[in-house]
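Report on the structure given below.
The values are calculated or read from the model by the stated rules, or taken from the named source; none is laboratory data. None of these values were measured; they are calculated from a predicted model. Positions of Cβ are generated from backbone atoms using ideal geometry, with glycine treated the same way; all protein chains shown enter the neighbour counts. Only protein heavy atoms, including side chains, enter the accessible area calculation; ligands, DNA and RNA are left aside. Shrake-Rupley method; radii C 1.70, N 1.55, O 1.52, S 1.80 Å.
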Amino acid sequence: MADAGDPLCRPATEQELASPLEVVDKAGWLGGPIEGKHVLCLAAGGGRQSSLYAAAGATVTVVDISGSMLELDRQVAADRKLPIRVLQTSMEDLSGLDDQQFDIVIQPVSTCYVPSVLPVFAEVARVTRPGGLYISQHKQPLNLQANYHRQQHGYSVQHAYYRDQPVPPPSEPNRASKRLREDGAIEFLHRWEELIGGMCRSGFVIEDMIEPLHAKPDAEVNSFADRATFIPPYVRLKARRKGDAATSKRLILA
């Protein structure tokens, strides 16, 4: 994707970098300016997320498992002289980062690539300061259960909700499936009790939730927007790290 110049692997535009908070915080969840904040962009290589938060005045660390994606972050940091540090590792292993290091953790859609979200949430809780924010976006379970081809009354459920194995790729790819799932991707369904309950049990309080709107009632059948009219593809969660410093230390040790 990085080599092909996929839209997800392109740095922010000049116009976006001129008003970065307007781009990354349309919901107002960050609570205002973030100058001087320490921000972790988790599983977010590609040069876009890191450049926007750094342009807004934050000191940014971007983690990704792909060296090619992180090379784009290195390039944009060098070209624009932005305070961006890169770390190549899995979202499940943040051992290269200190406890309570970040004020804000940002994670775009990526948890679908790991078998369990619980190790991810535990690591995020460890590196987030008490009172810090964890803003993450995930694929809704039904998004991974449903077919990509519209039938008479909509899109049918194709895969079981309770499963430990990866969700099979679409047997007949179309416009919707190509927008929702990269070729060759291995994806796992995470139940609501794992997403919401797992985050809460890891030491976070859910403060808000948004289902980003991609539906278009007049969209072409079998397109991404048509499927989104029946099945909201994503959910965005705003969570806050519980506790003061002493409480947080006890949670980490536990």
* Asked: Rounded to a whole number of µm²/s, how large is the Stokes-Einstein D of the stretch 148-240 at 37 °C and 0.692 mPa s, given Rh as the Kirkwood radius over C-alpha pairs?
  -> 218 µm²/s
* Per residue of the chain, what 222 nm ellipticity follows from adding -39500 (n - 2.57) for every DSSP H run with n ≥ 4, rounded to the nearest 500? -> -7000 deg cm²/dmol
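Let a ≥ b ≥ c be the square roots of the eigenvalues of the Cα gyration tensor of the stretch 39-118; is it rounded (a/c under 1.5), or, if not, prolate (a/b larger than b/c) or oblate? Write down the numbers at each step before the final one.
Details: a/c = 1.86, a/b = 1.43, b/c = 1.31.
Prolate.
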* To do: Any chance you could give the angle, 0 to 90 degrees and rounded to 10, that helix 118-127 forms with the longest Cα principal axis of the chain?
  => 20 degrees
* Structure fact -> Of all DSSP beta bridges with both partners in the stretch 33-127, the antiparallel percent, nearest 5, is 0 percent
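Please state the relative contact order of the stretch 1-152 as a whole percent: Cα pairs under 8 Å, 6+ residues apart? Walk me through the numbers on the way to the answer.
Numbers: 275 pairs, mean separation 30.7, N = 152.
Worked out over the stretch 1-152, it gives 20 percent.
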* Work out how much length residue 196 to residue 19 would gain on full extension: take 0.36 nm times their residue separation and subtract the Cα-Cα distance, in nm to one decimal. => 60.6 nm
* Structure fact -> The correct pair for the stretch 105-164, radius of gyration to one decimal and Dmax as a whole number, both in Å and from Cα atoms, is 15.6, 50
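Multiplying the sequence separation of residue 3 and residue 93 by 0.36 nm and subtracting their Cα-Cα distance, what value in nm do you get?
Details: separation 90, 0.36 × 90 = 32.40 nm, distance 2.55 nm.
Length difference between fully extended and current span is 29.8 nm.
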* Structure fact -> Here the FRET efficiency for residue 205 versus residue 165, based on Cβ atoms and R0 = 45 Å and rounded to 0.05, is 0.90
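Of the DSSP beta bridges with both residues in the chain, give the percent that are antiparallel, rounding to the nearest 5. Mind dumping the intermediate values first?
Numbers: 16 of 34 bridges.
Antiparallel bridges make up about 45 percent of those DSSP assigns within the chain.
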* To do: Quick one: go through the stretch 34-64 and flag any residue whose amide nitrogen is under 15 Å from the point 7 Å out along the Cα-to-Cβ line of residue 79.
  => 46-52, 55
* To do: Could you look at the stretch 113-254 and say what percent of its accessible area is carbon and sulfur, using a 1.4 Å probe and all protein chains?
  => 53 percent
* **Relative contact order (%) - criterion: Cα under 8 Å, at least six apart; region: the chain** => 16 percent
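Given a 1.4 Å probe, how much area per residue of the stretch 1-153 is accessible, in Å²?
Details: 6600 Å² over 153 residues.
So the stretch 1-153 comes to 43 Å² accessible per residue, rounded to a whole number.
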* Just how far, in whole angstrom, is the stretch 10-31 from the stretch 45-112 if you go by their alpha carbon centroids? -> 16 Å
* Can you work out ³J(HN,Hα) from phi for every residue in the stretch 60-67, in order, using Karplus 6.51 cos²θ - 1.76 cosθ + 1.60 and θ = phi - 60°, giving whole Hz and x for Gly and Pro? -> 10, 10, 10, 10, 7, 7, 9, x
* Asked: Using a simple charge model, +1 on the beta-carbon of Lys and Arg, -1 on the beta-carbon of Asp and Glu, nothing else, what dipole does the chain show about its Cα centre, in debye to the nearest 20?
  -> 460 debye
* Relative contact order %, the stretch 185-246, counting alpha carbon pairs below 8 Å whose residues are six or more apart -> 35 percent
* Report, ordered by chain and residue number, the lysines lying within cross-link reach of residue 178, taken as a straight Cα distance under 23 Å and ignoring same-chain residues fewer than 8 apart. => 139, 216
* If you average 1/r over every pair of different alpha-carbon atoms in the chain and take one over that average, what Kirkwood value in Å do you get? -> 19.0 Å
